[in-house]
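S.K.: One structure, as structure tokens, below. Some questions next.
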């Protein structure tokens, strides 16, 4: 009820607070002919009440925290299972926060004076987001089709017989195709846009890093290449 600024209890409490702080306390009863007493309805009156309430809450929290530390001191002395890292201060330490662990890691313990640790680059969700950009370029802010959507658009331009042959020879190359789990993800995603039972076969290059270069080198030695130069 006290949290409601328009309640009778709140107005009485604020009036008492103001009377204590004022050199000329307001009278309890208004005289005949005076306007209605609206103390507590004004924002300034309410702000005073909130400030005092905050001070009271802060004092209570400080007292509770002091009592908690006293209990923890006794537990540390007599309970062998209660360790310093179990205390309230330790659990609420910045170093134990989820954000700190996310940016600094959990092992080894972060040492702000260690030059090597200061310049470490901790990779978290980036390991997943980087290859996922092949499927969802939008996560990088690119308004482009992903690899699965592009695949579907290409095979849709051919007839059914041609599509069956094409899906049996999906060749994957490039260094990024060595990302663990990428081929399995691609297989699942491609099957989701193909008719049920389609004979999908994904072929991974033996040397995905250099296969493209070897292919270009072989083509460069042909007469066809010379005609294009």
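S.K.: Could you check the simple spin-label distance between residue 194 and residue 218, using points 7 Å along Cα→Cβ, in nm with one decimal?
M.R.: 2.4
S.K.: Starting with the fewest neighbours, write out 179, 87 ranked by other beta-carbon atoms found within 10 Å of each beta-carbon. The partial results should precede the final answer.
M.R.: On the way: 179 15, 87 18.
So the residues, fewest neighbours to most, are 179, 87.
S.K.: Rounded to the nearest 0.05, what FRET efficiency is calculated for residue 64 and residue 92 with R0 set to 22 Å and r the Cβ-Cβ distance? Could you put the intermediate results ahead of the total?
M.R.: On the way: r = 14 Å, r/R0 = 0.63.
With a Förster radius of 22 Å, E is 0.95.
S.K.: Per residue, how much space in cubic angstrom lies within the convex hull of the C-alpha atoms of the range 126-228? Spell out each step's value before the answer.
M.R.: Working: hull volume 15.3 nm³, N = 103.
So the per-residue hull volume is 148 Å³.
S.K.: Now for a separate question. Given R₀ = 41 Å, what would the calculated FRET efficiency be for residue 144 paired with residue 113, taking r from the Cβ atoms and rounding to 0.05? Before the final figure, lay out each step's value.
M.R.: Values: r = 45 Å, r/R0 = 1.10.
About 0.35, to the nearest 0.05.
S.K.: At a Förster distance of 30 Å, what's the computed FRET efficiency of residue 207 paired with residue 156, Cβ-Cβ distance as r, to 0.05?
M.R.: On the way: r = 31 Å, r/R0 = 1.04.
Computed FRET efficiency for residue 207 and residue 156: 0.45.
S.K.: How many angstrom separate the Cα center of the range 126-204 from the Cα center of the range 61-76?
M.R.: One Cα centre to the other: 59 Å.
Read-outs throughout are calculated quantities, based only on the coordinates presented, and are distinct from any laboratory measurement. Just so it is clear, the model here is predicted, and its values are computed rather than measured. Note that each Cβ is placed from the backbone with ideal geometry, even for glycine, and that neighbours are counted across all protein chains shown.
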